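Data block below; observations after.
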Amino acid sequence: MHELITEVLGYIQSATRYKWVSIILAWVISLAGWLFVAQMPDKYEASARVHVDTRSVLRPLLSGLAIQPDVSKQIRLMSKLMFSRPNLEKVARMTDLDLGAKDDASMEGIVKRLQSSMSITGGENNLFMISAEDQNPATAKRVVQALLTIFVEQTLGESREDSNSAQKFLDQQLKEYETRLQAAEKAREDFKRANYGLLPGQGGDLYGQLNALAEQLENAKIALQESVNRRDEMQRQLDDEEPTFMDFGAQAVASPLDLRIQSMQSRLDELLLKYTKGHPEVIAIKKTIIDLERQKQKEEEMALEGDSGAFMGGEANPVFQQKKIALGEANANVASLNSRVMIFEQKIEDLKKQMDERLKVETQLQGLNRDYSTIKTNFDALLLRREKARMSESVEQNTDSVKFKIVDPPQVPSKPSSPKRVLLSVVVLIGGIVVSIGIAVFLSLLRPAFTTTIKLREVTGLPVLGSVSMNWIPEVRQRKWREFVAFVAAFAMLLVVFLGVIALEVKGYHLPSFI
């Protein structure tokens, strides 16, 4: 730190060789700067404070019934959008500034000047300050008044415009959803009409019916197997029995077939009482009767032709004939049960297809119901919001949801707000002194000189044995003293002129008035 201070002092000592250059530069820079500050045009600032009251007695009463917009946030947003080009052009027209615009370029200059001279600050507690600067105090007031008017009009108009836009949007959406809702309702009705009997709740319990049919099918298969076993046993017994007894006549050859035909005919009559002619059991019995009649006809033909030698020499065995009749009945019973099994299997297959079809119908119906419910929910929500929007619009039209209170109206300023000449004059003086010292240091670096033995040793790298002080003669000392007094007087005079400039600026006088 000590070395740094020594270095700085060395530079200052070297700069003293150019002290007259420095003081002349300080005077020139200061005078030029003060003249420039004095010639700067005065600007007057007009301002107004406005309070936006967003509180309303109806707000808590209409909670849930009407839309409650965030008015405070909307106002803050409007304050930031006030400086758009359309608004600036509107301000220019309201203040007659556009009369001085001869072409688009000059109008562009007016708009830019307005944009740079206006400001809206604040926002806390909905208290805003609108200010504007201009060389003409009356113009500054008119600009503030125009801004205040536009701010109030656009805030109220924006709220109503948003409400109208929301109302139109909701009406448009409701029309679209109403059309979609009607289409969804028609689609459901057409689907239910086309799939009547397959809808949920129609056709009974298919699973219960399927279980019942499966149980009946199992019982029918068991009965069929029992009938088949019984028939096979009868066939075995019939094979072991002799069909005739010897030395009996052949008069009774056809009587067993007649008995079987009569038995089958009785069975057929019983079935026709329960089923139609197309029933599988009825068809099987009829086929058996036809076969027996054909067999009887063949035996009669054989008896007439004398070819039935097996029956000519003896009498028919009645036991054989009874077993043969029982076997025929067993075959008919097997055919009937087999037909019943086929019927149950077909019913189960049809029921499974019906269940698959019903599942598809239920899935499609659920999709239609889901679409309908979604559209209906959105339609009801939009309908409720439209009613809220209408009530909100009615509230805005019949009541004042936003109230503007002018706290401080715009006034014609009596004193200029800028430039800050006192501050600028101080800056000019300090800048002139700093620049003059810098120039002196720069000149001393261009023509360096050794002021200390340390510097000499550092530059040359040679040992310095010592230094000899200059012993000025009286005439030289007097001359140097006079130079020092003149330098101090010149600097003091600069300060006196500076104080005079400050005094004039404080009293409202400008230097051009005295030059």
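The values are calculated or read from the model by the stated rules, or taken from the named source; none is laboratory data. Given the structure is predicted, the values throughout are model-derived calculations rather than measurements. Every residue, glycine as well, gets a Cβ built from its backbone with ideal geometry; the counts of neighbours run over all protein chains shown.
Is at least one residue of region 58-75 within 42 Å of the chain's Cα centre (by Cα), at pLDDT below 75 and crowded, with 20+ Cβ neighbours inside 10 Å?
Of all residues in region 58-75, those within 42 Å of the chain's Cα centre (by Cα) come to 58-75.
Checking the rest, the ones that are also at pLDDT below 75 come to 58-75.
So of that shortlist, the ones also crowded, with 20+ Cβ neighbours inside 10 Å come out as 66, 75.
Yes; the residues of region 58-75 include at least one that is within 42 Å of the chain's Cα centre (by Cα), at pLDDT below 75 and crowded, with 20+ Cβ neighbours inside 10 Å.
Scanning region 405-425 for residues that are touching a residue at least 12 places away in the same chain (Cβ under 8 Å) and assigned to a helix (DSSP H, G or I) yields a total of 4.
Scanning region 477-515 for residues that are of a type outside the set (F, W, Y), farther than 23 Å from I24 by Cα and modelled with pLDDT under 75 yields a count of 3. Checked against (1) touching a Leu at 6+ places or on another chain (Cβ under 8 Å); (2) farther than 10 Å from E45 by Cα, A132 passes all but condition (2).
Residues are listed down the side, and each one gets a yes or a no for (1) touching a strand residue (DSSP E or B) at 6+ places or on another chain (Cβ under 9 Å); (2) of a type in the set (D, E, K, R); (3) at pLDDT below 80:
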site: D307; (1), (2), (3): no, yes, yes
site: G314; (1), (2), (3): yes, no, yes
site: E329; (1), (2), (3): no, yes, no
site: N333; (1), (2), (3): no, no, no
site: I343; (1), (2), (3): no, no, no
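Pairs meeting the criteria (first residue in region 481-493 and in contact (Cβ under 8 Å) with a residue 60 or more places away in the chain, second residue assigned to a helix (DSSP H, G or I), beta carbons under 6 Å, at least 6 apart or on different chains) are F487/K19; A490/I23. Are any of the residues in region 391-400 modelled with pLDDT of 75 or more, outside any loop (DSSP other than H, G, I, E, B) and in contact with a Ser or Thr (Cβ under 6 Å, 6 or more places away or on another chain)? Scanning region 391-400 turns up no residue that is modelled with pLDDT of 75 or more, outside any loop (DSSP other than H, G, I, E, B) and in contact with a Ser or Thr (Cβ under 6 Å, 6 or more places away or on another chain).
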